[in-house]
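Structure first, commentary second.
The values are calculated or read from the model by the stated rules, or taken from the named source; none is laboratory data. Every value quoted in this text rests on a predicted model; they were computed, and no experiment measured them. Quick reminder, even Gly has a Cβ in these numbers, built from the backbone with ideal geometry, and neighbours come from all protein chains shown.
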Amino acid sequence: MLIVGGGVVGASIAYGLAAEGARVGILDAEDSDFSASLGNFGMISISNKGFNNLAYFRLSCASSRLWPEFADTLREQTGIDPAFDLKGKIYLSVGDAEFAAHAEKVAEYARRVGADYRHDILNRADLQHMLGKVRLGERVAGGSFSPLDGLAEPLRLYSGLLNAIQRHGGWILRDHRVGRIQHQRGIFTVEGQWGSFSAPRLVIAAGLGTPDLASQVGISVKVRPQRGQMMVTERVEQSFPYPVSGLLRQNPEGTIMIGVSTEEVGYDDRTTVSVLKSLAMKAEERLPALRSVQINRCWAALRPRTEDGYPVYQESREYPGAFVITCHSGITLAALHERLLPKWILGGRKDALLEPFGLGRLQNASAT
Ligand SMILES: Cc1cc2nc3c(=O)[nH]c(=O)nc-3n(C[C@H](O)[C@H](O)[C@H](O)COP(=O)(O)OP(=O)(O)OC[C@H]3O[C@@H](n4cnc5c(N)ncnc54)[C@H](O)[C@@H]3O)c2cc1C
């Protein structure tokens, strides 16, 4: 079994396959290549999923339910704790108009999603109570709390996955960019400047590199880059008890990540002062304690976005045994990828949760 792409998506699948007893190898490109897995915010986001697509909400919820056991097993097997915590997420609205619009959106979510959607609108006093000693900015009019959301430490998750794969007998080779895929009598051969490998099953999970590889197994898929910029502060003693949507999260060692932008700028993963400044100002306006905290580092990374923003789980019709898997919520969906994809890839039934996410949906749909 070969997996092309060693980001969190390929690694989650490889871990699941290896845990099922499959012989798995990952071929990954250069360290200097684009990698969303090394530059993300680490949220397990559910409350903002599926406004226009109930199946996506259900998929994300299923992953969230699998996350506790997934995190425990990973920690027990590797000694690396992905710091998973299903503590919920706060939203903060500045000004009455923003608060009213947010409340309306949450109510509409609840109508569309139904009883499984849990998200409470809170007034300023309730929010202040939840945040304890972290003082709210003067212009925060209100907000909300959803217990559906969680977070993990993305780099620990990633290194835990790579460690677990190897403990289960799998391997990962970096600097092994795949250029060409051939298929003969049920065997896929992948080739690069380094040589070739062959296997009867092939998973393409190469993030932004996916379209070119997918086309070689008869699958046409579009994946575009969407830039996200963020920054991390020095360690602070003050505890920020909940992540705040679109704003910040505190890491286990005390640093705070502030982010994250959403920009359509092509294959450009540079940071810009204007975007970082506006993120910092947004954060400081809502939580003034951040004003005196030093920013230590900033970066940008590119999300692999499919045409309609939803994941793609597709086996090739022309070349059965070749699978294309990509999504822009690889942390949220990591547990689901590890648990539900291997059985399907190994020849079993495709789980009903995955069915809506074949490429057939894009032939005549324009979902948002
Ligand atoms: C700023 C930012 C914040 C984010 N926040 C969150 C969040 O809070 N929660 C969440 O769930 N998700 C978040 N994401 C999205 C998440 O990071 C991605 O969904 C996930 O990392 C995608 O993983 P991937 O393995 O598909 O892609 P990548 O991490 O990009 O990995 C793809 C790998 O494939 C390799 N590759 C490409 N072409 C080839 C080839 N030809 N041969 C061999 N290897 C190849 C690349 O080198 C790379 O290592 C965020 C993303 C960004 C950028």
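Scanning the stretch 41-96 for residues that are among the basic types (Lys, Arg), under 27 Å from Ala141 (Cβ atoms) and not in a strand (DSSP E or B) yields Lys49, Lys87.
Suppose the filter is within 14 Å of the ligand (Cβ to nearest atom), crowded, with 19+ Cβ neighbours inside 10 Å and touching a residue at least 40 places away in the same chain (Cβ under 8 Å); does Leu157 pass it? Judged against the criteria, Leu157 is a match. Looking only at the stretch 244-262, how many residues end up being near the ligand (Cβ under 10 Å from one of its atoms) and part of a strand (DSSP E or B)? Number of matching residues: 3. Summed over the stretch 17-44, residues that are out of contact with any helix residue (DSSP H, G or I) (no Cβ under 8 Å at 6 or more places or on another chain), more than 9 Å from the ligand (Cβ to nearest atom) and not small (Gly, Ala, Ser) total 1. Here is a check on your reading of the model: is Ala367 at pLDDT 95 or above and among the small types (Gly, Ala, Ser)? Against the criterion (at pLDDT 95 or above and among the small types (Gly, Ala, Ser)), Ala367 does not qualify. Taken over the stretch 37-52, residues that are surrounded by 19 or more Cβ atoms within 10 Å (Cβ to Cβ) and either without any contact (Cβ under 8 Å) to a residue 12 or more places away in the chain or among the aliphatic types (A, V, I, L, M) (or both) amount to 3.
Just checking, does the stretch 45-53 include any residue being of a type in the set (Lys, Arg) and within 14 Å of the ligand (Cβ to nearest atom)? Yes, the stretch 45-53 has at least one match.
Look at (1) more than 20 Å from the chain's Cα centre (by Cα); (2) of a type in the set (A, V, I, L, M); (3) surrounded by fewer than 20 Cβ atoms within 10 Å (Cβ to Cβ) and you find that Ala55 fails only one, number (1). Residues of the stretch 234-250 that are within 16 Å of Arg291 (Cβ to Cβ), modelled with pLDDT of 95 or more and not hydrophobic (A, V, I, L, M, F, W, C): Glu234 alone. Would the stretch 228-235 turn up any residue that is out of contact with any Asp or Glu (no Cβ under 8 Å at 6 or more places or on another chain), in the same structural domain as Thr272 (by TED's automatic domain parsing) and away from the ligand (no atom under 13 Å from the Cβ)? So far as the stretch 228-235 goes, yes, one or more of its residues are out of contact with any Asp or Glu (no Cβ under 8 Å at 6 or more places or on another chain), in the same structural domain as Thr272 (by TED's automatic domain parsing) and away from the ligand (no atom under 13 Å from the Cβ). Counting the residues of the stretch 136-160 that are acidic (Asp, Glu) and closer than 26 Å to Ala97 by Cβ gives 2. Here the condition is being assigned by TED's automatic domain parsing to the domain that holds Ile331, surrounded by fewer than 22 Cβ atoms within 10 Å (Cβ to Cβ) and more than 21 Å from Ala205 (Cβ to Cβ); of Arg75, Arg23, it holds for Arg75 alone.
Give the residue, chosen from Ile295, Ile331, Ile325, Ile345, that is surrounded by fewer than 18 Cβ atoms within 10 Å (Cβ to Cβ) and touching a residue at least 24 places away in the same chain (Cβ under 8 Å). Let's see the steps before the verdict.
Details: Ile331 fails: surrounded by fewer than 18 Cβ atoms within 10 Å (Cβ to Cβ); Ile325 fails: surrounded by fewer than 18 Cβ atoms within 10 Å (Cβ to Cβ); Ile345 fails: surrounded by fewer than 18 Cβ atoms within 10 Å (Cβ to Cβ).
Matching residue, one of Ile295, Ile331, Ile325, Ile345: Ile295.
Before we move on, is Ala141 more than 16 Å from the ligand (Cβ to nearest atom), aliphatic (A, V, I, L, M) and without any contact (Cβ under 8 Å) to a residue 40 or more places away in the chain? When the stated conditions are applied, Ala141 does not pass them.
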